[in-house]
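Following: one structure in structure tokens, then a few remarks.
The values are calculated or read from the model by the stated rules, or taken from the named source; none is laboratory data. All values reported here derive from a predicted model rather than from experimental measurement. Positions of Cβ are backbone-derived with ideal geometry, glycine not excepted, and every protein chain shown enters the neighbour counts.
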């Protein structure tokens, strides 16, 4: 999704907002009322090391929350005709349109115009060339026409596991076949959860769900000693 790199665009424009000090931005950001459904997606304070060097640590879900509420957090401190501000509002409109579950012709036409404006203004405002993600944006309208709403196709639920799996890789000292190590760890975690919550009637549960973590069939054997062995 295009929103993954969004905070970088916004913070690059912050030096053009002299009336929004870093301390004010972070104070408002951390104490804003996000509501019960979004408070769990609040990211940490933003660090602006200097006008050209940024330090941003957010998950994709935290980025989405940040972008959605950003106009409300500092909107009263920014001139309405500021070009970077207008660029941001257009970007928020793009993300809102992309996440719709139903589209009509007017929505798609509006999305096409917003994307064209976004790519043009990005080059002008930030003096930078377009990245691959900007090119991908230009295909979104055709994909929606052919395959339906993008929200029904995205991989958000899988990407939410990236942080957990990346934490595992720090403890894998062997550089050989890291994906296989992660697969084994994921299976063991799932199997341990099953053993803790197992009952006599849910044997089919593990047999059905084991394949979520393994690409090839898994066979479970029970030894005479009541030990369980899992093999491919």
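Okay, here's what the table says:
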read-out	value
Only listed residue being in a helix (DSSP H, G or I) and without any contact (Cβ under 8 Å) to a residue 60 or more places away in the chain, chosen from 95, 120	120
Subset of region 43-72 [modelled with pLDDT of 85 or more and surrounded by fewer than 17 Cβ atoms within 10 Å (Cβ to Cβ)]	71, 72
In region 123-143, residue surrounded by the most Cβ atoms within 10 Å (Cβ to Cβ) [restricted to those that are more than 21 Å from the chain's Cα centre (by Cα) and part of a helix (DSSP H, G or I)]	125
Residue selected from region 145-167 under the condition more than 20 Å from the chain's Cα centre (by Cα) and part of a helix (DSSP H, G or I), by the criterion farthest from residue 183 (Cα to Cα)	145
Within region 98-117, considering residues that are in contact (Cβ under 8 Å) with a residue 24 or more places away in the chain and loosely packed, with under 14 Cβ neighbours inside 10 Å, the one nearest to the chain's Cα centre (by Cα)	101
Given (1) modelled with pLDDT under 85; (2) in contact with a helix residue (DSSP H, G or I) (Cβ under 9 Å, 6 or more places away or on another chain), number of the condition residue 15 does not satisfy	(2)
Residue 108 vs. criteria modelled with pLDDT of 90 or more, out of contact with any strand residue (DSSP E or B) (no Cβ under 7 Å at 6 or more places or on another chain) and over 23 Å from residue 75 (Cα atoms)	yes
